[in-house]
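K.L.:
What follows is a structure written as C-alpha cells; I'll ask about it next.
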Amino acid sequence: MDKKIKNTRLFLLVFIALLVFVTVLGEPLKQKYEPVIKGPMIAGPPLPGQAMDSEAARDVSYSSAEDGKRVTVRGQNGLTDPSKDKPYVDHEILVQFSQQIGRGEIAGLLNGSGMHVAEVLNAANLCRVKIPDTLKVEEAVKKLKGIPEVKFSEPNFIVHTTAVPNDASFSSQWGLQNTGDNGGTVDADIDAPEAWDQATGSSSVIVALVDEGIDLAHPDLAGNIWVNPNEIPGNGVDDDGNGFIDDVNGWDFKHGDATVYDSAGEDRHGTEVAGIIGAEGNNSVGTAGICWHVRIMPVKFIASGSGTVANAILALNYAVSQGAKVINCSWGGTSYSAALESAFQSVLNAGILVVTSAGNSGKDTDTNAHYPSNYDLSNILSVAATDKNDNLSYFSNYGQTSVDLAAPGSSIYTTIPGGGYASFSGTSASTPFVTGAAALALSVTPGLSYSELKARILNAVDPIADLAAKTVSGGRLNLNNLISSLSVGDTDGDGMPDSFENQYGLNPNDPEDTDADPDGDGLTNLQEYQHGTDPTSPDTDGDGISDGFEVTYLLNPKSASDASSDLDGDGLSNLVEYQTGTRIDLADSDGDGMDDFTEFGNRAAPADSDGDGVIDALDLDSDNDGKPDAIEGIGDDDGDGIPNYVDMNDADGPNADQDGDGIANSVEATFMLYPNLPDSDGDGIGDLTEFGPSPAPRDSDGDGIIDALDLDSDNDGKTDAVEGAGDRDGDGIPNYRDADDDDGPLGDTDGDGLINQVEALYGMNANLADSDGDGIDDPTEFGSGTTPLDTDKDGVIDALDLDSDNDGSPDQSEGTSDTNSEGVPDRLDNSISIVSTDYGKLSLVLQGGQGALESVVFLAQPLSEDSRPKLDFKYGGVQYKVTGLDTGGSIVLSIHMPVALPADAEFWKYENDRGYYQYPAVVGGETLQFTLTDGALGDDDRLADGTIVDPGYIGLPVVSDQNGAATTPTPAAAGDSGGGGGGGGCSLSSGGGRFQQGVTDLMILLFPLGVLLALRISTYLMHKRFRSRERVL
C-alpha cells in the first residue's frame, strides 16, 4: 500500500513539473505564432451594441473618427446583447481607406487577413469589406483601426424608417388645412391652400426620396415620378453611362436593380412619404401633396422598414449625381456612423438640402443623439412631429439645438401601394411636409442655395408654445409664409418673377423675353431662372464651363467644383473635356475602344496625330492611314514605340523616319513628338531644327516642354510662328529661341558670365545659366580655358553632359564635392562615383591612381533570387565596371556609406555561373574595403582583359527577436570595426503553420502524452535498480 502511495505521489510531482514546463514554454510559442494582419494593430474602441432603431435609444460611447473624437449617446436601457437583434450586418464592415493609396494597395493591406473589398462606395476609397465567418465584426473593426492607411472602420449599421402605424380610417388631410373637426384645432396646419394660390410646383424640381421604393403606378403619383431623360427603357444598356443599366425611374440599392417598386410589403413606407411630398393636386383623385407638380426620384435602399448604411451611402451618391435639388430621409437610428456622415458631407459639398426625421423615441436629441438628423452639417434640416392641436406628438424626438422645426406628423392621410390611401404617423410623416415645402419654394425661386432655402423655411414658421425650447426655430412649418416671402409677382405671366427680371435687366411686362438667350450659353432666360443661373453671364460659377453645358450634363452651374471633377471617370476633368470637345459623360467619346485619356496623350494639348484638326479622341482614324483606330488598336506591330492607331506606317520599325524630318520614329516616340508630322507643334519650324544636335531635345526656356512642342520656346511672349528662325540681333541664336532679340552677340541674356555668341557657338542655352540642369552653372562646367571642357572626351561638352566623367553617376549627384581631396571635383574624377540611395549618398572610390569607374548603378535589392543567402541586404549594393587596368592587375576599392556599418556586415558578390558568395572585405566605421583582381575571383567575366565587372551587395546576418520576427542588429556607432563575419547568419523565421489557440491548446494537445510520460518516469524512479543505484551514490 505504501508503495502505491509513493508511486502516486511521484507521478503527481512529475506531471505537475511537466505542466509548469509546458506553460513556461507555451507563452513564447503563443507570441511567436500569433496570427497577424498586415499593418500595425491597436486595440479598437468598444462597439455599440444596439440597433439603429429610433424607438429605443440606448447608452453608447465609442470612438470612430480618425481624430479620436468620442461620440456619446445617452438613454435609458443600457446595452443590447450583441448576439441578439444585431444592429449591423454580419460578416462585413465599412472601411475608409486613405485617398492616397490605390485599389491594388488596398487589396494588399487586406491580404492575409481573409478580408476583401466587396464594394467601393465612393471615389474617396470608402469600401464595404467582407470578413471571414470566423472573424467577429467587432474584431475586424479593431484590427483595421490600427493601420495608418485606414482612416476609420466600423460596422455596416442597419437603419430603420421612422413611422408609427395608425388607424387607416382617418381620411382628413388636416395638416394642410385644419378646420377643427375630429378634435382638432382650427388653423393648426401649414396654410397650404393659401400657398397654392401663389404656386403649385414645377416639374423642373427633382426631389430624391432615399427610402423604400414607390408604387410607380399609383394614380396620384405616376405623373410626378422622375424619369431619367438619358436612359432608354428596357434595352439592357447603360445609355447614359452612369453605371446603372435601365435606371429609368431611379435605382434599387437594396436588390441592385432598376425595379424601384417590388411589393406593397417592402415599399409601403416609401409610397406614403412620396404622397405627402407630391401627390398630384387638382386632379380629382385622392389626396394632394405639398407640391402638385414635382419630380420624385425613387432611390431605394430600405425594404420593409430597414436598410444598411453601405446602401444608404450609395443611394445618396446616386441622388447627387442625378441632379436632386432636395433629399428626403425619413429614417435613422442612434448608432453613429462616420462613413454615413462623410456621405452627407459629400451632399453638403454638392450644395443640396437634406430633410431628415428627428426620430420617434420621445427624447431630447441634444443628449440622446439620433442620426442622420444629429450630424452637425449645415445642409441638414431635422424635423419633429406635431398633432392636430399643434402639440408636439407624444412619440416625437425634440432638441433645442438639434431639431430645427416641426411639421404635422400624427395621423397623416396619404398614398399607399395598390392605388389606395391610409393614415400613418411618425417623424417619417412630418419630414416630407418640409421636403415638399422646400421643393415648392424652389419652383418659385430656383436660384436659392441650400443655406438660403433652409433659412427661409425656418424664418417662416408659426411660433408654437409647445415647441419653444424644443426646436431651433420654436415653430411649426407654415407653407404660406414661406412662399409669400419669396415675392412671386409675375406681371407678364411669363414664368419669371418680376424681381428676377428687374434684377437682370429684363422686361417684366414682356412675356416674349422668356425664350431669349442674351448671354449665348444655351439656356433661355426662363431656363436660367429655373436653374438659378445668371442670364447675363454664360458661366455663372466662373468655372470655365458654360451654364448650358452644365445643365445638359446634370452638373451644377452654381458650383465651380464641377470643373475639376471627372463625371465619366476617364482621367480627364470635366473642364478639360469641355475645352477639347470630348464627351464628359462617356470615357470613350469616339467609341473606338480606346478611352479619351489614352488618346489625349501626355502633352499639354490633346493629341492630333495626323494634323487634320480633329483630335485623336474624336478621330476614328487618328493617323489617317485608312484603317480605323478600332481595328488598329494600341498594339505596336513594328516595335517603334508608336501605337498602331497613331502610326501611319505600322511596318517600318524604330529606326525608320516615316515623316522624313530626320528624326527616327523611336526617338520621336520617346520625346512625344508626332512621328507622322515633320513639324509637331505646327509653328512652321521643323522638328529637327527645334530638337537640336544633342541626344536630348532642347528646352530653351526650361519650362519642361521641349521646343519642338512649345509654341513659345523662349517664353518671351511671342510665338515661335511669329518670331521664326531668323536672327535679328546677330548673336547666333534664332529669334524663336532668343529671349532677348536685341542684345546682340556680346550680350549675356541669362547673366551667367558667358556672352551669347559663345553659348551659341557651343550649343549652350543662352536663356539659362545652367544649360543641362545639373545644378552646376555653365561657366563652372565650361572651365577657365577658351574652349569648353569635355572631361570624358565623348564629344559632349561638360556644360551639356549630365555625366561629365562617364562614371555612371550623374553630375547632379556628385556635385562640386572632392571626396579624396585631390583638387578634382568628383563629377570630373572617374576614380570616384557618388550615387544616391534610400539612406543617403554612397561613394565608390578607387585607390592607387589606376583605373576608371564606369556604369555605376545603385541596387536597392539583389537582382537575382536564385540561391540568395538568408541575409538582410538593407544597404543594397552597387554594380559597376573598372576599366583601364593593367591586364591581370589588382585594385583596392572602398565603399563609403552615409551611415556607420555594423561590425558584422558582410560583402557578397553575385556571378551568373556561381551565384552568391561571400567576398573578403574589411569593415571599419562607414567604410567597406576590398581588393579586386582582373580575371580572378570577384571579376564577373573572369577575363584578364584590363576590365573588372562587379555586382556586389552589403549583407547583415538575420536574427530573431523574442516574438519570432526577423530583425537585424542595430547599426554600430562610427568607429566600430571588425571582420567580414561568418557564413550568412541565422535563418529567417517562418510565418507558416501558426498556432491559433496559444497555451491552452498546447496543454490540451500534450495532456495525454504528459500522462504517459509522467507515468513512465515515475515508474522508472521507483524501479529497484534506480533506487539501489541511488543508495550506492
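K.L.:
Of Asp197, Asp246, Asp750, how do they rank once you tally other Cβ atoms within 10 Å and put the fewest first?
P.N.:
Numbers: Asp197 10, Asp246 19, Asp750 22.
Ranked by crowding around the Cβ, least crowded first: Asp197, Asp246, Asp750.
K.L.:
Now, a different point. Suppose each label sits 7 Å from its Cα in the direction of the beta carbon; what would the Leu746-Asn282 distance come out to in nanometres?
P.N.:
Result: 9.0 nm between the two label points.
K.L.:
Based on alpha-carbon centroids, what's the gap between the stretch 634-671 and the stretch 247-270 in Å, whole number please?
P.N.:
Each part reduced to its Cα centre gives a spacing of 54 Å.
K.L.:
Please identify every one of the GluC sites (Glu not before Pro) in the stretch 807-896 that sits in a loop by DSSP and has no more than 15 other beta carbons within 10 Å of its own beta carbon.
P.N.:
Values: sites: Glu814, Glu822, Glu854, Glu865; in loops: Glu822, Glu865.
Counting only loop positions with at most 15 other Cβ atoms within 10 Å, the GluC sites (Glu not before Pro) in the stretch 807-896 are Glu822, Glu865.
K.L.:
Under 8 Å for C-alpha pairs, at least 6 residues apart: give me the relative contact order for the stretch 164-484, rounded to a whole percent.
P.N.:
Values: 856 pairs, mean separation 72.8, N = 321.
So the answer I get is 23 percent.
K.L.:
To make sure I understand the rule: partners must be aspartates and glutamates, Cα under 18 Å from the Cα of Lys254, and not fewer than 8 residues away in the same chain. Which ones qualify?
P.N.:
Asp90, Glu92, Glu119, Asp211, Glu212, Asp215, Asp246, Asp262, Glu266, Asp267
K.L.:
Test of the criteria: in the stretch 727-836, which trypsin sites (Lys or Arg not before Pro) are in a DSSP loop and have at most 15 other Cβ atoms within 10 angstrom of their Cβ?
P.N.:
Numbers: sites: Arg728, Arg737, Lys793, Arg827; in loops: Arg728, Lys793.
Taking the stretch 727-836 and a limit of 15 other Cβ atoms within 10 Å, the loop trypsin sites (Lys or Arg not before Pro) found are Arg728, Lys793.
K.L.:
Right, next: Subtracting the Cα-Cα distance from 0.36 nm times the residue separation, let me have the gained length for Asp376 to His91 in nm, one decimal.
P.N.:
Working: separation 285, 0.36 × 285 = 102.60 nm, distance 3.00 nm.
Here the segment from Asp376 to His91 would lengthen by 99.6 nm.
K.L.:
For the stretch 627-737, build the convex hull from the C-alpha positions and give me its volume per residue in Å³. Each step should come with its number before you reach the end.
P.N.:
Numbers: hull volume 12.1 nm³, N = 111.
Hull volume over Cα atoms, normalised by residue count, gives 109 Å³.
K.L.:
Here is a further query. Give me the distance in nm between label points sitting 7 Å out from Cα along the Cα-to-Cβ direction at Val227 and Asn349, one decimal.
P.N.:
3.4
K.L.:
Another question, then. Can you compute the label reach from Leu937? Point 7 Å from Cα along the Cβ direction, backbone N cut-off under 20 Å, restricted to the stretch 900-926.
P.N.:
Residues passing the 20 Å test: 905-923.
K.L.:
What is the spin-label model distance, in nm, from Leu802 to Ile245 if the labels are put 7 Å beyond Cα along the C-beta direction?
P.N.:
4.9
K.L.:
Between beta-carbons, use under 11 Å as the cut-off and find the net charge around Pro446, counting Lys and Arg +1, Asp and Glu -1. Provide the component values of the computation, followed by the final result.
P.N.:
Values: positive: Lys325, Lys558; negative: Glu528.
With Lys, Arg at +1 and Asp, Glu at -1, the neighbours total +1.
K.L.:
Could you put Ile225, Ile755 in order, starting from the residue whose Cβ has the fewest other Cβ atoms within 10 Å? Display every interim value, and only then the final one.
P.N.:
Numbers: Ile225 24, Ile755 18.
Fewest to most other Cβ atoms nearby, the residues stand as Ile755, Ile225.
K.L.:
Please find the FRET efficiency linking Asp727 to Ser485, where r is the Cβ-Cβ separation and R0 is fixed at 60 Å, and quote it to the nearest 0.05.
P.N.:
0.25
K.L.:
Each residue of the stretch 432-447 in turn: what ³J(HN,Hα) in whole Hz from Karplus with 6.51, -1.76, 1.60 and θ = phi - 60°, glycine and Pro shown as x?
P.N.:
Karplus-based 3J(HN,Hα) across the stretch 432-447 equals x, 4, 6, 4, x, 5, 4, 5, 5, 4, 5, 5, 8, 10, x, x Hz.
K.L.:
Measure of size requested: the Rg and Dmax of the stretch 566-671, with Cα atoms as the atom set and Å as the unit; please supply both.
P.N.:
Rg, Dmax (Cα atoms, Å): 13.9, 42.
K.L.:
Then there is this: Quick check on the stretch 396-545: what does the Kirkwood estimate of hydrodynamic radius come out to from the alpha carbon pairs, in Å? Let's see the in-between values first.
P.N.:
Working: mean 1/r = 0.0566 Å⁻¹.
Computed over Cα pairs of the stretch 396-545, the Kirkwood hydrodynamic radius comes out at 17.7 Å.
K.L.:
Moving on to the next point. Please work out the C-alpha center-to-center distance from the stretch 564-607 to the stretch 296-325 and express it in whole Å.
P.N.:
The stretch 564-607 and the stretch 296-325 have Cα centres spaced 29 Å from each other.
Read-outs throughout are calculated quantities, based only on the coordinates presented, and are distinct from any laboratory measurement. No experiment lies behind these values; they were computed from the predicted model shown. Positions of Cβ are generated from backbone atoms using ideal geometry, with glycine treated the same way; all protein chains shown enter the neighbour counts.
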